[in-house]
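For reference, the structure discussed in these notes is given below.
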């Protein structure tokens, strides 16, 4: 499984969004397709089984912030402690938890593509080979739920 970028310059084309173009090593405006193929190792051939266009507007995975350790002066910590002590005490009643809808991400779309295609895969399939981009916890967990072993960079 992997994605492919398709350059497109139109303004009203379905799915037009910013996607990573590996051949240019940068993000560009265009279309993206997710491709699932079956590889016959003995015959050294791959067969495309399913291709699905990635919808536009899905949430992009958030990059982890690279924080640099900062030195904090002891006076600053002491001032913060004193300010916290002056705050009024809140009651210990259980807080109401608001349910927030989780925005679907591109990784959700890729995993759904796999789940929708799974019934058509060969029954003896054991290994799912993907690019290193797919080595996210959500995707690997979805692959394992289908009783497949995830292989990636």
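Here, each number is a calculation from the coordinates, and none is a lab measurement. These numbers come from a predicted model, not from an experiment. No Cβ is skipped: glycine too gets one built from the backbone with ideal geometry, and neighbour counts run over all protein chains shown.
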In which sequence would 130, 35, 151, 41 go, from the one with the fewest C-beta neighbours within 10 Å to the one with the most? 41, 151, 35, 130
Apply 1/(1 + (r/R0)^6) to the Cβ-Cβ distance of residue 58 and residue 28, taking R0 = 22 Å, and write down the FRET efficiency to the nearest 0.05. 0.85
Extended-chain gain in nm, criterion 0.36 nm per residue less alpha-carbon gap, residue 4 and residue 47: 13.9 nm
Put a dot 7 Å past each Cα toward the Cβ at residue 127 and residue 86; how far apart are the dots in nm? 6.4 nm
Order by neighbour count: 139, 133, fewest other Cβ atoms within 10 Å first, most last. 133, 139
